[in-house]
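For reference, the structure discussed in these notes is given below.
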Amino acid sequence: MSDATLGTRVAPAPVLEVIDVVKEYRSGDGSTLRILDGASFTVGRGEMVAIIGESGAGKSTLLQILGGLDRPTSGRVRIAGQDVTTGSEDAMAAIRNRSVGFVFQFHHLLRDFSAVENVMFPLRIAGRAESAARSRALELLDAVGLAGRAEHRPTALSGGEQQRVAVARALAGEPALVLADEPSGNLDRGNALRLHDLFATLAATHGVGVVVVTHNRGLAARADRVLLLEMGRLVASSAMAAEVG
């Protein structure tokens with residue numbers, strides 16, 4: 001008898017599955033340095049998870065592994081059911097381009113392109129027709145509150161506006177997962193608060209999983225869950241948001 005016949009609701013598969021991830025490096029003296037020691041967690045569609053921890057704890061290393069930019073020493077990472085820790089570099093890049101959006105502390109916008117052209121860029125690279133790419137980009141700029149700034153170049157935008165363009169660009173390809181590394185670290189308090197609101201809203205309205213590495217307690221407090229990375233291990237604690245420095 002099927003779950004549908006029984007009337008049982010089947011939980012959707014997680015957008016992100018991180019299973020016993022270990023990352024080691026060989027130090028100059030030949031010893032082994034373990035940065036990640038069995039990190040495991042999942043992220044659901046529409047869920048925002050914040051990862052906090054001291055500088056040098058391995059947060060950025062973990063984020064690179066989650067996005068398929070680096071490989072773990074052992075363990076598995078699955079995005080939308082696809083393993084990004086095995087396979088060729090081309091296969092990893094294909095999954096990354098199709099399923100992951102990135103937002104960094106520095107927005108990395110193309111200075112000679114307008115806001116809408118920056119958001120269009122990954123879509124054009126992926127082969128989307130110009131008219132369709134522009135329509136999608138304008139829709140996303142409207143979603144982040146920048147419909148009236150679409151034709152402005154980055155130099156004519158404030159820092160907060162530039163970072164919102166970067167968020168729109170990360171969502172352009174309709175990824176399953178968005179990864180953000182200190183996205184508000186270069187913003188003043190007002191723009192940081194607006195960006196935090198935006199992340200929380202977009203996770204729910206666009207149905208993407210969001211993982212954000214941050215030292216900002218305000219951003220961590222907006223997350224559905226907070227994970228502390230300490231001694232290479234992740235500890236779940238909703239109370240940790242108030243303690244982020």
Checking the structure you have, find out if any residue of region 182-202 is β-branched (Val, Ile, Thr), in contact (Cβ under 8 Å) with a residue 40 or more places away in the chain and either on the phi < 0 side of the Ramachandran plot or in contact with a Pro (Cβ under 8 Å, 6 or more places away or on another chain) (or both). no
One residue from Arg149, Arg225 being in contact with a Leu (Cβ under 7 Å, 6 or more places away or on another chain) and of a type in the set (Lys, Arg): Arg149
Among (1) crowded, with 16+ Cβ neighbours inside 10 Å; (2) under 20 Å from Ala80 (Cα atoms), Asn216 falls short only on (2)
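When you scan region 154-240 for helices (runs of 4 or more DSSP H) that lie fully inside it, which ones turn up with 1 or more residues that are at pLDDT below 80 and more than 13 Å from the chain's Cα centre (by Cα)?
Per the criteria, 189-206, 217-222.
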Residues satisfying the stated conditions in region 39-63, i.e. in contact with a Ser or Thr (Cβ under 9 Å, 6 or more places away or on another chain), of a type in the set (Gly, Ala, Ser) and part of a strand (DSSP E or B): Ala50
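Residues in region 178-195 that are of a type outside the set (D, E, K, R) and surrounded by fewer than 23 Cβ atoms within 10 Å (Cβ to Cβ): how many?
Result for region 178-195: 7.
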When every residue in region 35-82 that is farther than 16 Å from Asp20 by Cβ and hydroxyl-bearing (Ser, Thr, Tyr) is compared, the one modelled with the highest pLDDT is Ser60
Selection count, region 120-131, where residues are closer than 19 Å to Ser99 by Cα and either of a type in the set (A, V, I, L, M, F, W, C) or in contact with a His (Cβ under 9 Å, 6 or more places away or on another chain) (or both): 5
Every residue from region 150-167 that is basic (Lys, Arg) and over 18 Å from Leu193 (Cβ atoms): Arg153
Considering Val167, Val144, which residue is in contact with a Phe, Trp or Tyr (Cβ under 9 Å, 6 or more places away or on another chain), buried (at least 22 other Cβ atoms within 10 Å of the Cβ) and not charged (D, E, K, R)? Val167
Scan region 182-236 for residues that are acidic (Asp, Glu) and more than 25 Å from Ala57 (Cβ to Cβ) and report the count. 2
Could you run through region 97-134 and say how many residues are charged (D, E, K, R) and surrounded by 18 or more Cβ atoms within 10 Å (Cβ to Cβ)? 3
Taking the residues in region 71-84 that are more than 23 Å from Ala168 (Cβ to Cβ) and touching a residue at least 24 places away in the same chain (Cβ under 8 Å) as candidates, determine which candidate is surrounded by the most Cβ atoms within 10 Å (Cβ to Cβ). Pro72
Which condition breaks for Ala236 when tested against (1) within 23 Å of Ala80 (Cβ to Cβ); (2) surrounded by 19 or more Cβ atoms within 10 Å (Cβ to Cβ)? (2)
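The values are calculated or read from the model by the stated rules, or taken from the named source; none is laboratory data. Every value quoted in this text rests on a predicted model; they were computed, and no experiment measured them. So basically every Cβ, Gly included, is an ideal-geometry build from the backbone, and we count neighbours across all protein chains shown.
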